[in-house]
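One structure is given below, encoded as structure tokens.
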């Protein structure tokens, strides 16, 4: 099965604008099936395609929690320390940090222990991502790859899955001087990942790797970064003692929720 082509075809259907009565029925079915809480969003009948519903925006920004906040909605699959450039997607399934980060990682930047968090976004979640804290963006690295599902069932079947899939890595410096990497992992049915400040990135269509560096690009805590089309995964990797997580594995996260203290 060609997962990338399947995701492209699914994207065409999701973007198609059916007659109003049919689109409303499709939207209602989707909201009911995935038990989506629409209280923060526009009414179901205001979305003219399934993709518009997938990528729905909040009617109003959420209040920001203290410290380091969740960049998105999702399920915390893992939140712990890694070592020797190795981490786990779920249970005993390992992924390699140097392969995941690719050109975003330089020698010595993650020697020894580091902290990491895997957030899985399901079809019911808000699919936009925001800055978890004030940060200076250093680079954006695009790596093409497959589009395997990143649901728990798929993670159990594959080692190093995050590093196999298409991904975009933002590398940034926190105000305490420590480095952070935010990895946006593509997945089955995720035809695109969008970034407000970098229109050159067109995921699931680029054929070659791309690395863009920035000299004067800063994001404020809570600032909108971009969005997935449908669900996927965000991996956050930080140098040791950069932040101190206050959440645990299997917790449901909401964008803007406080999840860590900045050291």
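Here, each number is a calculation from the coordinates, and none is a lab measurement. Bear in mind that the values here come from a model prediction, so they are computed numbers and not experimental data. Please note: Cβ atoms are built from the backbone with ideal geometry, for glycine as well, and neighbour counts cover all protein chains shown.
Eigenvalues of the alpha-carbon gyration tensor of the stretch 68-262, scaled by 5 and square-rooted, set the equivalent ellipsoid semi-axes at 20, 20, 18 angstrom, largest first. Reported to the nearest whole Å, the Cα centre-to-centre distance from the stretch 244-263 to the stretch 36-60 is 25. With a simple spin-label model that places each label point 7 Å from the Cα along the Cα-to-Cβ direction, the separation between residue 21 and residue 223 comes to 4.8 nm. Per-peptide packing, taken as the mean over residues of other Cβ atoms within 10 Å, places 208-217, 19-28 in the sequence 19-28, 208-217 from highest down.
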